[in-house]
Amino acid sequence: MSHKNSDIVIAGGGVIGMAVAYFLSRETDASITVIDQRRPGTASWASAGGLWPIGESVGLGCGVIFFKTLSKRRRENPDEPIVLERPHQLPDYFLDFSLKSNAMFPDLWQELRQDGGVDFKLEKTGLKYLLFDEDDINYAKQIADSIPHLSAQLVWHSADDLRHSEPNASPKAIGALEFLRDDQVNPFLLTESYREGARRNGARIIDGTAVTGVGMNGSRVVSVTTDRGETHGCDLLINAGGAWAAELGRMVGLNIPVVPVKGQIVLSERLPKILKGCLSTSDCYMAQKDNGEILIGSTTEHVGFNVDGTLDEIRGLVTGAVKAIPVLRNLHIKRTWAGLRPGTPDEIPILGAVPGLDGYLNACGHFRTGIVASAITGDILSKLVLGRPLPVDLTPFLLERFAGKNIDALIATMTGGHVDHGAEHAPTESMARQAA
Ligand SMILES: Cc1cc2nc3c(=O)[nH]c(=O)nc-3n(C[C@H](O)[C@H](O)[C@H](O)COP(=O)(O)OP(=O)(O)OC[C@H]3O[C@@H](n4cnc5c(N)ncnc54)[C@H](O)[C@@H]3O)c2cc1C
C-alpha cells in the first residue's frame, strides 16, 4: 500500500467537486487532490445545463416530475381523477443562494476561458413557462405573486408576443411567463472548465479511482484509502460524492440523507435555430444548445441507482415537447440518457462542517440545481477552508438541520418508499477506529 500526502482531498469530481477544487486552487497554495470514480449516472455529465435560479426555485426546471407521478398513478388506476399536482417552491434563502450563484457566471466565464482554456458556452436565453390553460395561468400568477421583489426579472407574454419571440411555439399556447435571467451553459464544458482551471492551478486529479475508506485519529479525518490500495494522508476531506454522498458519509460514521433521483433526457440531432430561449411547460423543458441540438428533459424517478432508458418516459418527454413546439414532430433523436441527481428530502444542498467531526466538510445534495449552484458552492467551500466571511448564512444548509429527525422516514416519504443505500461497505478503517 503506497502512501501519499495532500492537504485537502475532494472525493468526487463532478461539477461540485471540480468547482470546489477550482475555487480553492485559485485562493490557496494548499495541495489539493480530487479523487473521482465517474460512476454510471454521474449527474454533471447527464445534466441539461440550465442556469435557472428562479425556474428551479419555483419547481419548473423539473416540470415533468409531478405530471409524471400523476400519469404513473393513472396508469395503475385509470379512474384516478386528474388533479394537476404542481411542484412546490423552495424557500427564499435558496432562491437568494441560487440567484447569487447565477450572478457569478459572466465573470466566471471570462475567467475560466483564461485560467482553464475551456469555453463553457454561457448563453443568455431566459426561461419561458408556456401557458396552455387557465390552470397554467393561475399557477404562473401564483409564482409571480410569491416573488414580488423579482418582478423586474419577470415578463408576461401575450399570445401575440409569444408568437413573436418564439415563432415555433404551438398556436395553442395562450402566453408565457418569462424569467429573464435564467440562462444556460454546456454542463459538460462547465465541469471541464473548472477541472482544467484547477489542474492548471496545481490541483492533482486522480480519475477512475474510488475512495473506499477514511482513516481517523479520534474525531479527526487523517487519510483516505482507495480501491487502488493507496492511502492519501490529508488534513481535510470534502465530500462531493453526488448521489453517492451517503456512501462516503458512512465512511466517517454519518447518516447523510442524499439519495439518487433519476432524470432522463432526450437529445435531438442538430437543427436550425428553432428555439430562441429555454422553454418549460407542465410536461417538460426544452433547450436548444449552441450547436443546434435540442435537449428535452426530464423525468424524476425514484428507482435507486438504475440508469436504464425507458420507452414510456422518453415517449412522455417527446409528446410534451411536440405539444409545445409542433415542428419537433419531425425531430431525429440523436441519443437519450439518464443521470442521478443527488436528492435531499428538502431539496436543499448539504454544505459545511459537522459538529464533532474535524477535517471534514460536506459539498453534496445539490439535487436539480448543482450546475447553477456550483459557483457559489465552490466559493463557499473555499471561504470555509480559509476562514473568510461567507456570502450567505450557512445555517439552513448544514447537515445539522436533520438532527433528531428520522432520516429513513424522510427519505421514504421523498421516494415513495424506495430506499436504496447503494453499495454496502465493509466497516471502514474510520469506523473501526471510532469503535475502538
Ligand atoms: C437529467 C438531469 C438534468 C439536470 N439539469 C440541471 C439543470 O438544468 N441545471 C442545474 O443546475 N442542475 C441540473 N441537474 C442537476 C445537476 O446535474 C446536479 O445537481 C449536479 O451535477 C451534481 O453534481 P455533483 O458533482 O454533486 O454530482 P455528480 O456530477 O454526480 O458527481 C459526483 C462524482 O463523485 C463520484 N463519486 C461518488 N462516490 C465516490 C467515491 N467513493 N470515490 C470516488 N468518486 C466518487 C461519482 O462517480 C461522480 O463522478 C440535472 C441533473 C440531471 C440528472
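The values are calculated or read from the model by the stated rules, or taken from the named source; none is laboratory data. Please read all numbers here as calculations on a predicted model, not as lab measurements. No Cβ is skipped: glycine too gets one built from the backbone with ideal geometry, and neighbour counts run over all protein chains shown.
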Among (1) at pLDDT 95 or above; (2) outside any helix (DSSP H, G or I); (3) more than 24 Å from Ala21 (Cβ to Cβ), the one test that Phe120 misses: (3)
Leading residue by the ranking (nearest to Gln37 (Cα to Cα)) among those in region 225-236 that are within 11 Å of the ligand (Cβ to nearest atom) and crowded, with 16+ Cβ neighbours inside 10 Å: Thr226
Residue in region 312-322 that is away from the ligand (no atom under 14 Å from the Cβ), of a type in the set (Gly, Ala, Ser) and in contact with a strand residue (DSSP E or B) (Cβ under 6 Å, 6 or more places away or on another chain) present: yes
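Among the residues of region 251-274, write down those that are buried (at least 20 other Cβ atoms within 10 Å of the Cβ) and more than 24 Å from Gly297 (Cα to Cα). Give the derivation first.
As a first pass, look at region 251-274 and keep what is buried (at least 20 other Cβ atoms within 10 Å of the Cβ): 251-252, 256-266, 268.
Residues satisfying the conditions are Met251, Val252, Ile256, Pro257.
In region 1-80, which helices (runs of 4 or more DSSP H) lie fully inside it and hold 1 or more residues that are away from the ligand (no atom under 11 Å from the Cβ) and modelled with pLDDT under 80? Working first, answer last.
Numbers: elements: 15-27, 53-57, 64-76.
Here the list reads 64-76.
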Selection count where residues are touching a residue at least 12 places away in the same chain (Cβ under 8 Å) and surrounded by 14 or more Cβ atoms within 10 Å (Cβ to Cβ), scope region 311-326: 11
Residue under evaluation Leu267, criteria (1) in a loop (DSSP other than H, G, I, E, B); (2) within 14 Å of the ligand (Cβ to nearest atom), criterion not met: (1)
Selection within region 249-264 - in a strand (DSSP E or B) and of a type in the set (A, V, I, L, M): Val259, Val261
Members of region 287-314 found to be modelled with pLDDT under 95 and of a type in the set (A, V, I, L, M), listed by number: Val303, Leu311, Ile314
Meets criteria (assigned by TED's automatic domain parsing to the domain that holds Gly416, under 30 Å from Leu112 (Cα atoms) and away from the ligand (no atom under 12 Å from the Cβ)) for Asn217: no
Matching residues, region 140-175, being of a type in the set (D, E, K, R), under 10 Å from Leu130 (Cβ atoms) and under 29 Å from the mean Cα position of the chain (by Cα): Glu166
Any pair with Cβ under 6 angstrom, 6 or more apart, that starts in region 42-54 at a residue that is in contact (Cβ under 8 Å) with a residue 40 or more places away in the chain and ends at one that is within 6 Å of the ligand (Cβ to nearest atom) and of a type in the set (Lys, Arg): Ala43/Arg341
